[in-house]
1. Express in nm, to one decimal, how much length is gained between residue 42 and residue 62 on full extension, taking 0.36 nm for each residue of separation and deducting their alpha carbon distance.
2. Within a Cβ distance under 12 Å of residue 102, other residues only, what is the Lys/Arg minus Asp/Glu net charge?
3. Apply the Karplus parameterisation 6.51 cos²θ - 1.76 cosθ + 1.60, with θ equal to phi minus 60°, to every residue of the range 112-117 and state each ³J(HN,Hα) to the nearest whole Hz, in sequence, with x for glycine and proline.
4. Which net charge results for the neighbourhood of residue 165, defined as the other residues with beta-carbon distances under 13 angstrom from its beta-carbon, given Lys and Arg at +1 and Asp and Glu at -1?
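What follows draws every value from the coordinates through simple rules; no lab data is involved. The shown structure was predicted, so the numbers you read here are calculated from the model rather than taken from an experiment. So basically every Cβ, Gly included, is an ideal-geometry build from the backbone, and we count neighbours across all protein chains shown.
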Amino acid sequence: MSMRFHGKVGLLCACSLVAAPAPALALEFSGGVSVGGIQVGTEPRLAVSPFIGWLWRRTGDFRIEVHNVLSVVPGAGVGVYDRTAVTLGYTTKTGNVSLGPSLSIYMMQVCGAVICDRVMGVAPGGRAQSDWYFAGRLGASTSVNVDWAGGSSRVLPGSMVLMVTAGPIWRFGGESK
């Protein structure tokens with residue numbers, strides 16, 4: 001995929017934030033650290049992922065969220081995978097679910113079937129997340145992200161990156177329903 005396409009995706013995400021009706025009824029900030037696996041190339045790797053999110057809750061139980069995750073992939077060649085997503089979600093008394101597009105920037109060591117190499121690039125994708133608050137503002141978060149790495153690569157023949165994370169979440173501000 002071309003950088004021109006990536007620019008249009010980023011512009012679309014930014015415009016959707018500007019076009020969102022205001023004022024929001026509630027603003028919430030959340031953050032935490034997830035530990036999970038990232039599947040890049042042929043081998044799964046451990047990823048430690050601090051994350052932050054800003055949530056605008058509108059009428060009822062629907063919400064718009066901007067979410068950023070910076071994943072650190074330890075190993076011989078430490079890598080980073082930074083993802084920003086704009087999602088639409090639904091909130092209940094004890095949690096929420098959300099789904100939307102994402103854009104990732106990555107640089108990491110990846111092994112294919114035959115060769116290992118350092119890869120870097122930009123990848124559009126999609127994100128799904130579920131948060132469950134079991135003790136007031138403390139909860140657990142799980143997320144799945146699928147990205148499509150552009151260009152041709154001897155190391156990433158399928159051009160697909162899959163990340164699944166889970167970990168604690170703490171909600172700052174907003175209502176704790």
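1. Gain on extension, residue 42 to residue 62, equals 3.4 nm.
2. Here the count lands on -1.
3. Per residue, the Karplus-derived 3J(HN,Hα) values read x, 5, 10, 10, 10, 7 Hz.
4. +2
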